[in-house]
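Report on the following structure.
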Amino acid sequence: MMDREKVPEVVLRQMTLEDVDGVLAIEKASFTTPWSRGAFIKEVTENKLAYYTVAELEGEIAGYAGVWLIVDEGHITNIAVAPKYRGRNLGKKILEKLIQELKNRKILRVTLEVRASNDVAINLYKSYGFIVLGRRPGYYTDNGEDALIMWKDLTREI
């Protein structure tokens, strides 16, 4: 059994401008049409409706997520974990942090789009009470794949 002191601690915190390079590396490794450096810089420095969180592990950015806060709804823009840190439940921890932040800000509902073929992500979202309430045909420009539209009511506990 591993010594508890040697298990790396995950630090979840709000994203800063200094995190953009680490987030961008994960974005490029995770998505076929990644966001640009400029897009992330704008999200962190200019978009007053945006909130981004990062997971820091072993001294580097291991994952991140972003959400736009629009009145009483949240729209998750992206969530990803670096390939070398996948399988360690970081996606769950990041999603939990995001959901808690939304609840703290009195957000009532949250939505996201996910590739119809991304069973890992779909199952993660379902395990947190998200349900599929729609489909966007041909949403992804790289291959024309459909997106599932998922929603979660934050006024109900799962």
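The numbers here are math on the coordinates, done by the rules we state, and not lab data. Worth saying up front: this structure is predicted, and the values here are computed from it rather than measured. Cβ atoms come from the backbone with ideal geometry, glycine included; neighbour counts cover every protein chain shown.
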Once the convex hull of the C-alpha atoms of the chain is built, how many Å³ does it hold per residue, rounded to a whole number? 128
Roughly how big is region 48-91's charge dipole about its Cα centre, with Cβ charges of +1 (Lys, Arg) and -1 (Asp, Glu), in debye to the nearest 20? 160
If you put +1 on each Lys and Arg Cβ and -1 on each Asp and Glu Cβ, how big is the dipole of the chain around its Cα centre, in Debye rounded to 20? 400
Could you pull out which residues in region 37-69 have an amide N less than 13 Å from a spot 7 Å beyond the Cα of Glu9, following the Cα-Cβ vector? 56-59
In terms of the charge dipole of the chain, which places +1 on Lys and Arg and -1 on Asp and Glu at the beta carbon, the residue among Val114, Thr16, Tyr128 farthest towards the positive end is Tyr128
Which pairs, out of Lys84/Lys106; Lys28/Lys97; Lys28/Lys126; Lys103/Lys126, put more than 28 Å between their alpha-carbon atoms? Lys84/Lys106
